[in-house]
Amino acid sequence: MTQKRLKFGAFMAPFHPTNDNPVLCLERDLELIEWLDKLGYDEVWLGEHHSGGWEISASPEIFIAAAAQRTRRIRFGTGVSSVPYHNIFMLADRLRQLEYLTHGRLMAGFGPGSLPADAYMQGINTAETRDILDDSMEYLVRLFRGETVTCDTKYCKLQDAMLQLEPYHESGSELFVASQVSPSGARLAGKYGLGMLSIGATSTGGFNSLASNWGIAEEVAKDYGNTVNRDQWRLVGPMHIAETREKAMENVRWGYHRWFDYFRNVAALPLAPDGVDPIQQMIDSGFAVIGTPEDAIEQIHRLLEQSGGFGSFLHLAVNWADWTETKKSYELFARYVIPEVNRMNDSRRASEKFLRDNNEKFKGQMQSAVKDSINKYAASKGDKFIHPDLRDHSSKP
């Protein structure tokens, strides 16, 4: 298949160690979004979490509303709104309002919630969160599509519920569902014709299931008379790049081990076995790119080949390096990776090659043109104002 130009952005949980000032952490997140907007990135997705101390974004809607006032063109996604934690009518109504506040720059992503403690503190059985999501998506989609909804199920109760505002765009709201290793997200995407957000796309399980999950989405969509579009498929993975691999490794050692400890011992998501260098293991497994722009380009092509094509790649914003090097990484990616992947310089290179290949020919033509001009002037006015080295005495009668 012919791959369209990819979009690029970031997925921000966010991650901040508990020894840092939370006010400044959130301010840096907003500054990073401004930086991405300035560099020409297409989108940024903000998470929802309520425990653990690191992922301090309780409301992606609030985050997006603040960031929208500080940016011009970048689009925003809720990555994701945890459906089991909300009355879905209230959730849909807030997101529709946010479409207007962002002037249509909103994408709404939905999922079951990722941290068990978030569900526990609300008295929700973690084992039921996916069932709640499954039960709720039909009614969420119907609300966003302008229907009046009444339902009385185990997890959803609404009476003549309808949204007051029409979609900001005539084409409707852009809706996505989270997908990782299991096929549950892919089934929902196909059943309702939604976009898909593959949050763990570069993990071993997530990478291996990319093609199969998309196949499930397409098959289920066909069963329900819907279509799914690869342009609406987002893949997420961590990257930190620098001018050399050695510098990239040095940069991430600033904060990687704190992040690794959080994931392993707090979020309870083991990333590497005991007795190995976790940084090298993540590079070797393909989970993370810690290297150069060339390494990042190779990872994007690897994902394209494995998936069969997708619409957008999102950096998992991990904050492994300090602030200066983190910003530099995104800049290097924008300068060297995006144009290479999207072949933005093909015509420039063709033009350069054409002139390079014909350098002697064009140089001779230019020299001849200059000589002709000088000789014409000398023939009509004399050559007393012409430097002796430029005079063509052979042209005199």
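Note on the chain: with a GNM built from Cα contacts shorter than 10 Å, the maximum mean-square fluctuation among Gly195, Gly309, Gly123 falls on Gly123. Rounded to the nearest 20, the Cβ-based charge dipole of region 1-126 about its Cα centre (Lys and Arg +1, Asp and Glu -1) stands at 600 debye. Under a model in which nothing but the beta-carbon of Lys, Arg (+1) and Asp, Glu (-1) is charged, the chain shows a dipole of about 1920 debye around its Cα centre. Placing unit charges on each Cβ (+1 for Lys and Arg, -1 for Asp and Glu) gives the chain a dipole about its Cα centre, and among Ala334, Ala186, Ala321 the Cα reaching farthest toward its positive end belongs to Ala334. Of the trypsin sites (Lys or Arg not before Pro) in region 91-153, which ones lie in a loop per DSSP and count no more than 15 other C-beta atoms within 10 Å? The qualifying sites are Arg145.
Counting only DSSP beta bridges with both residues in the chain, the antiparallel share comes to about 10 percent. Put simply, the chain fits an ellipsoid with semi-axes of 51, 26, 21 Å; these come from the alpha carbon gyration tensor as the roots of five times its eigenvalues, largest first. Approximating the spin labels as points 7 Å out from Cα along Cα→Cβ, the Leu39-to-Val276 distance works out to 2.9 nm. Ordering Gly77, Trp214, His103 by the projection of their Cα atoms onto the charge dipole of the chain, which places +1 on the Cβ of Lys and Arg and -1 on the Cβ of Asp and Glu, puts His103 at the extreme positive end. Once the Cα-Cα distance is subtracted from the 0.36 nm per residue extended length, the Glu352 to Asp231 segment shows a gain of 40.3 nm. Each Lys and Arg contributes +1 and each Asp and Glu -1, all at the Cβ; summed about the Cα centre of region 119-202, the dipole is approximately 240 debye.
Just so you know, all these numbers are worked out from the coordinates, no wet-lab data involved. Keep in mind it's a predicted model, so treat the numbers as computed, not measured. Every residue, glycine among them, receives a Cβ derived from its backbone with ideal geometry; neighbour counts consider all protein chains shown.
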